[in-house]
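Notes follow once the structure below has been shown.
The values are calculated or read from the model by the stated rules, or taken from the named source; none is laboratory data. This structure is a prediction, so every number in the text was calculated from the model and none was measured. We place every Cβ from the backbone using ideal geometry, glycine too, and count neighbours over all the protein chains shown.
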Amino acid sequence: MPELFIHTEGHGDTHLVLLHGWAMHGGVFAPLVAALAGRCTLHVVDLPGHGRSRDCNVSLQPAACAAAIAARVPPALWLGWSLGGLYALEAALDFPQQVRGLALVCASPRFVRSSDWRYAASPEILQDFEHALATDYDATLERFLALEALGSDSAQADLRQLRIDTFDRHRPAVRALVEGLAVLERSDLRPRLASLAPPSTWIAGRRDRLIPWQAMQWSATQCGGTFTCVAGGGHAPFIGHTDAVVAALNPLLALKPA
């Protein structure tokens with residue numbers, strides 16, 4: 001079975017695992033990798049069914065996927081963006097000795113709205129994407145990328161980069177997209193936040209149209225984490241506001257390796 005693809009670059013005793021969002025691959029973190037490679041060793045993961053892990057059959061269910069990644073990387077800080085945040089959070093809960101610190105970027109313990117959770121997307125949005133995938137793959141991804149960039153004060157540049165990462169390099173498998181939507185729709189890690197052991201930072205985009213910043217602010221209060229809201233950021237603030245994201249990460253990056 002093809003293995004999970006993990007690209008390692010940079011140098012230093014501080015290790016950082018990067019987990020991308022739905023329909024993307026690790027290449028989306030290029031601005032962050034460029035900013036941090038001189039300070040730490042980066043392990044950039046392509047999630048199963050995505051990027052160069054397109055043919056990897058590891059499950060995208062959070063517990064199984066987090067375990068597969070944890071088995072391949074040294075003890076490290078973990079950063080998860082969007083869908084990737086669920087895997088980073090799951091790993092921090094299940095393998096606290098492996099996850100020295102946790103950064104969640106535009107990621108939430110629950111991605112869909114419910115009667116007791118309003119800081120989230122409508123479940124109909126995810127259902128519409130799933131139905132549309134069956135008829136028009138490209139148009140469905142284009143709509144999603146537009147939502148990711150929407151609101152950012154660098155929206156055009158963000159969307160241009162997201163299009164390059166999605167359509168020009170390593171297009172994701174449909175089966176992985178469907179499974180990823182199901183994970184987003186069903187996962188709810190809110191009840192476990194109080195037991196989160198590693199230090200955490202939650203980084204939101206004030207203009208994010210997919211995950212309201214209040215979801216990350218609330219999450220930080222539940223686990224004693226820190227919260228940063230990037231004023232002009234949309235759903236991918238590390239593209240257009242790399243310096244602000246790095247500044248928010250600095251306290252975690254300053255932690256002494258075990």
Residue list for the stretch 52-82, restricted to those being touching a helix residue (DSSP H, G or I) at 6+ places or on another chain (Cβ under 6 Å), in contact (Cβ under 8 Å) with a residue 40 or more places away in the chain and either within 19 Å of Pro198 (Cα to Cα) or not in a loop (DSSP other than H, G, I, E, B) (or both): Pro62, Leu77, Trp78, Gly80
Subset of the stretch 209-258 (residues that are among the hydrophobic types (A, V, I, L, M, F, W, C), out of contact with any strand residue (DSSP E or B) (no Cβ under 8 Å at 6 or more places or on another chain) and under 19 Å from Ser82 (Cβ atoms)): Trp218, Ile239, Val246
Per-region count, the stretch 134-157, residues on the phi > 0 side of the Ramachandran plot and assigned to a helix (DSSP H, G or I): 0
Among the candidates Thr242, Thr201, Thr226, residue that is within 23 Å of Ala157 (Cβ to Cβ), touching a residue at least 24 places away in the same chain (Cβ under 8 Å) and of a type in the set (S, T, N, Q): Thr242
Unique residue being of a type in the set (Asp, Glu) and either modelled with pLDDT of 95 or more or buried (at least 19 other Cβ atoms within 10 Å of the Cβ) (or both) when the list is Asp116, Asp55: Asp116
Number of positions in the stretch 168-209 that are of a type in the set (S, T, N, Q) and closer than 20 Å to Ala121 by Cα: 1
Count of residues meeting criterion [in a helix (DSSP H, G or I) and surrounded by 19 or more Cβ atoms within 10 Å (Cβ to Cβ)] in the stretch 215-232: 5
Filter pass, Ala35 being modelled with pLDDT under 95 and in contact with a Ser or Thr (Cβ under 7 Å, 6 or more places away or on another chain): no
Qualifying positions in the stretch 87-100 - farther than 20 Å from Pro237 by Cα and within 19 Å of the chain's Cα centre (by Cα): Glu90, Ala91, Ala92, Leu93, Asp94, Phe95, Pro96, Gln98, Val99, Arg100
Candidate set from the stretch 129-139 (those that are free of Cβ contacts under 8 Å to residues at least 24 places away in the same chain and under 19 Å from Val183 (Cβ atoms)); member that is surrounded by the most Cβ atoms within 10 Å (Cβ to Cβ): Ala132
The stretch 184-204, subset small (Gly, Ala, Ser) and more than 17 Å from the chain's Cα centre (by Cα), residue surrounded by the most Cβ atoms within 10 Å (Cβ to Cβ): Ala197
In the stretch 34-51, the residues that are part of a helix (DSSP H, G or I), touching a Gly at 6+ places or on another chain (Cβ under 7 Å) and of a type in the set (A, V, I, L, M): Leu36
Top-ranked residue in the stretch 21-51 [being of a type outside the set (A, V, I, L, M), touching a strand residue (DSSP E or B) at 6+ places or on another chain (Cβ under 6 Å) and touching a residue at least 40 places away in the same chain (Cβ under 8 Å); ranked as surrounded by the fewest Cβ atoms within 10 Å (Cβ to Cβ)]: Cys40
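Within the group Leu86, Leu159, Leu126, which residue is in contact with an Asp or Glu (Cβ under 6 Å, 6 or more places away or on another chain) and either more than 17 Å from Gly205 (Cβ to Cβ) or without any contact (Cβ under 8 Å) to a residue 40 or more places away in the chain (or both)?
Leu126
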Qualifying position, being within 20 Å of Phe227 (Cα to Cα) and either surrounded by fewer than 22 Cβ atoms within 10 Å (Cβ to Cβ) or out of contact with any Ser or Thr (no Cβ under 7 Å at 6 or more places or on another chain) (or both), among Ala67, Ala88: Ala88
